[in-house]
Amino acid sequence: MRQNFIAQLEELNQDVIKMGSILELSTNEMIVALDSFDTKMANEIIDRDDEIDLLEQQIERECINIIAKQQPLASDLRKITSIMKIITDIERIADQCADISEYILKLAAMPKVKAPVHLPDMIEAMKVMVIDTIDSFVESDLEKARKVMDADDVVDAYFTKITGALIEMIQEDSKTAPQGVCYLMIVKYLERMADHATNIAEWNRFSLTGDLTLG
Amino acid sequence: MNDITKFSVSDLNLFYGSFQALKNINMDIYKGKITAFIGPSGCGKSTFLKTINRMNDLIEGVTINGTVTLDGVDIYKEMDAISLRTRVGMVFQQPNPFPMSIYDNVAYGPRIHGIRKKSTLDEIVEKSLRQAAIWDEVKDKLKKSAQAISGGQQQRICIARTLAIEPEVILMDEPTSALDPISTLKIEDLASELKKDYTIIIVTHNMQQAGRISDKTAFFLTGEVIEYGDTEQIFNKPSNKKTEDYITGRFG
């Protein structure tokens, strides 16, 4: 047995789980901050982004080291190459939490308008995808990965619906345009978060099955 | 291009006395490809390699049943060992140049086969040394003893000696295990070059080597072929758990 190698793989796995749990925290807090315009929380999310960036770099270095020194093959190689892809998507989702937080700060400073009706539904659908995709990695759960891939269409549909509603809102009262644009950016970021969650699910599937069909 | 079968092995069993070293091997080996045999020590991969050019014939107490055909002809029933080995050359783990000059090493086989004319022998020696990617290194010292050059060079002389009788198949039994990394890479490049004209079968303990140079890989374990397929598939996604465990180092 390659005890040293297996220990290195386990450490790598733990670091990705750590990165995933920080992402879950930011995602959950972003949802609360958006709902309550909590600027303190929004700022914390923005600050936390550096932590994710550092973890990404650290995991990249670990992966490169393992490839150089251990020459992994088969399931090990698939796991390490998918981790290198997955952490980029985790980092992007965390960026988008921070980007949304910037818009929460902007919205908090403006007169309140009625949030789009379907926004909570879109947020819920995206949140489930992010949590399931991290879980599918942690638990090596192929079914969960498939569920995430299927769910992306739901988020896309909400995006179209909400965009339409925001256009209507601005058409009815042009003074709501600044808030409308903020919400438009936010839903675009939410839609992208779901796309990155889907990417992660696809790389999990590759790691588990060798299937390299990417959407 | 469809794969052309060079060797076809059916229901092959080999016993050393009562010990069964090869169990029901069925395998087609394809022309113009490099096929790697991998597996832990004692798994039967070298025994199988030797079976392909009948080097087990003289070992006492060996019983072989099943069939091995070369271009459709049974090598045990329809061919004598000498003509078989003219077509199927072998390179061993330790470079084993004869205690004679570089030139005489390479000319040895052709001379045995009755070639006496100096100009013809010169041509064969040069061609073989060029094919073995060592001509430039030894062309000015052909009269020098083949044992007075480096291990990596000796191994390429042995390959040239094998090529000199123009075989169709080259068997390599861990040909780089005694060589440094640079010489190893030279032999690997050479094997990739030679597969244009020859069918190559290589036994190796170096998994990365099998991955680097072979088109097909067979994984042996306790005398059985556990998995045989395209190298890309075996190294990325083996279908058998035992293969996966072996190549990821979780075996034993």
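From the list B:165, B:170, pick out the single residue that is in contact with a Phe, Trp or Tyr (Cβ under 6 Å, 6 or more places away or on another chain), in contact (Cβ under 8 Å) with a residue 24 or more places away in the chain and not in a helix (DSSP H, G or I).
B:170
Among the residues of the range B:91-113, which ones are at pLDDT 95 or above and hydrophobic (A, V, I, L, M, F, W, C)?
Hits for the range B:91-113 are B:98, B:100, B:102, B:106, B:107.
Kindly list the number of the only condition in (1) surrounded by 20 or more Cβ atoms within 10 Å (Cβ to Cβ); (2) more than 19 Å from residue A:16 (Cβ to Cβ) that fails for residue A:164.
(1)
Restricting to the range B:216-252, count the residues that are facing chain A (nearest Cβ under 9 Å), under 21 Å from residue B:195 (Cβ atoms) and not β-branched (Val, Ile, Thr).
The total comes to 2.
What residue, among those in the range A:195-215 that are within 14 Å of another protein chain (Cβ to nearest Cβ) and aliphatic (A, V, I, L, M), is most open to solvent (accessible area, probe 1.4 Å)?
Only one residue fits best here, namely A:212.
Consider residue B:190 carefully, then state whether it is out of contact with any Cys (no Cβ under 7 Å at 6 or more places or on another chain), away from every other protein chain (no Cβ under 14 Å) and modelled with pLDDT under 95.
Considered against the rule, which asks whether it is out of contact with any Cys (no Cβ under 7 Å at 6 or more places or on another chain), away from every other protein chain (no Cβ under 14 Å) and modelled with pLDDT under 95, residue B:190 comes out as yes.
Yes/no per residue for (1) free of Cβ contacts under 8 Å to residues at least 12 places away in the same chain; (2) of a type in the set (Asp, Glu); (3) open to solvent by 20 Å² or more (accessible area, probe 1.4 Å):
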site	(1), (2), (3)
B:186	no, no, yes
B:192	no, no, yes
B:195	no, no, yes
B:203	no, no, no
B:212	no, no, yes
B:222	no, no, yes
B:232	yes, yes, yes
B:237	yes, no, yes
B:245	yes, yes, yes
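From the list B:124, B:82, B:59, which one is touching a helix residue (DSSP H, G or I) at 6+ places or on another chain (Cβ under 6 Å), farther than 20 Å from residue B:172 by Cβ and open to solvent by 30 Å² or more (accessible area, probe 1.4 Å)? Give the derivation first.
Numbers: B:82 fails: touching a helix residue (DSSP H, G or I) at 6+ places or on another chain (Cβ under 6 Å); B:59 fails: touching a helix residue (DSSP H, G or I) at 6+ places or on another chain (Cβ under 6 Å).
None of the other options fit; the residue is B:124.
Could you run through the range A:68-98 and say how many residues are within 14 Å of chain B (Cβ to nearest Cβ) and not small (Gly, Ala, Ser)?
Residues in the range A:68-98 being within 14 Å of chain B (Cβ to nearest Cβ) and not small (Gly, Ala, Ser): 11 in total.
Out of the residues in the range A:45-99 that are open to solvent by 10 Å² or more (accessible area, probe 1.4 Å) and of a type in the set (Ser, Thr, Tyr), state the one that is nearest to residue A:134 (Cα to Cα).
Only one residue tops the list, namely A:88.
To keep it simple, each residue is scored yes or no on (1) within 14 Å of the chain's Cα centre (by Cα); (2) closer than 15 Å to residue A:123 by Cβ; (3) part of a helix (DSSP H, G or I).
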{"residue": "A:31", "(1), (2), (3)": "yes, yes, yes"}
{"residue": "A:46", "(1), (2), (3)": "no, no, yes"}
{"residue": "A:63", "(1), (2), (3)": "no, no, yes"}
{"residue": "A:66", "(1), (2), (3)": "no, no, yes"}
{"residue": "A:72", "(1), (2), (3)": "no, no, no"}
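Would you check which residues across the range B:145-164 are surrounded by fewer than 19 Cβ atoms within 10 Å (Cβ to Cβ) and either under 14 Å from residue B:130 (Cβ atoms) or of a type outside the set (S, T, N, Q) (or both) and list them?
If the condition is that a residue be surrounded by fewer than 19 Cβ atoms within 10 Å (Cβ to Cβ) and either under 14 Å from residue B:130 (Cβ atoms) or of a type outside the set (S, T, N, Q) (or both), then B:148, B:151 are the ones that fit.
Among the residues of the range A:7-44, how many are within 14 Å of chain B (Cβ to nearest Cβ) and surrounded by 15 or more Cβ atoms within 10 Å (Cβ to Cβ)?
Selection size over the range A:7-44: 2.
Would you please list the contacts, defined by Cβ atoms under 6 Å and residues six or more apart or on different chains, that run from a residue in the range A:51-63 that is closer than 21 Å to residue A:78 by Cβ to a residue that is open to solvent by 90 Å² or more (accessible area, probe 1.4 Å)?
Correct list of pairs: empty, since none qualify.
Within the range A:100-112, work out how many residues are surrounded by fewer than 19 Cβ atoms within 10 Å (Cβ to Cβ) and farther than 23 Å from residue A:129 by Cα. Break it down stepwise before answering.
If we filter the range A:100-112 for residues that are surrounded by fewer than 19 Cβ atoms within 10 Å (Cβ to Cβ), which is where we start, we get A:102, A:105-106, A:108-112.
From what is left, the residues that are farther than 23 Å from residue A:129 by Cα are A:105-106, A:108-112.
Counting residues in the range A:100-112 that are surrounded by fewer than 19 Cβ atoms within 10 Å (Cβ to Cβ) and farther than 23 Å from residue A:129 by Cα gives 7.
Might you check whether a residue that is farther than 23 Å from residue A:46 by Cα and either in contact with a Pro (Cβ under 7 Å, 6 or more places away or on another chain) or open to solvent by less than 50 Å² (accessible area, probe 1.4 Å) (or both) occurs anywhere in the range A:182-194?
For the range A:182-194, residues farther than 23 Å from residue A:46 by Cα and either in contact with a Pro (Cβ under 7 Å, 6 or more places away or on another chain) or open to solvent by less than 50 Å² (accessible area, probe 1.4 Å) (or both): absent.
The values are calculated or read from the model by the stated rules, or taken from the named source; none is laboratory data. All values reported here derive from a predicted model rather than from experimental measurement. Glycine gets a Cβ as well: all are built from the backbone with ideal geometry, and neighbour counts include every protein chain shown. These accessible areas exclude ligands, DNA and RNA; they are computed on the full protein's heavy atoms, side chains included. Shrake-Rupley method; radii C 1.70, N 1.55, O 1.52, S 1.80 Å.
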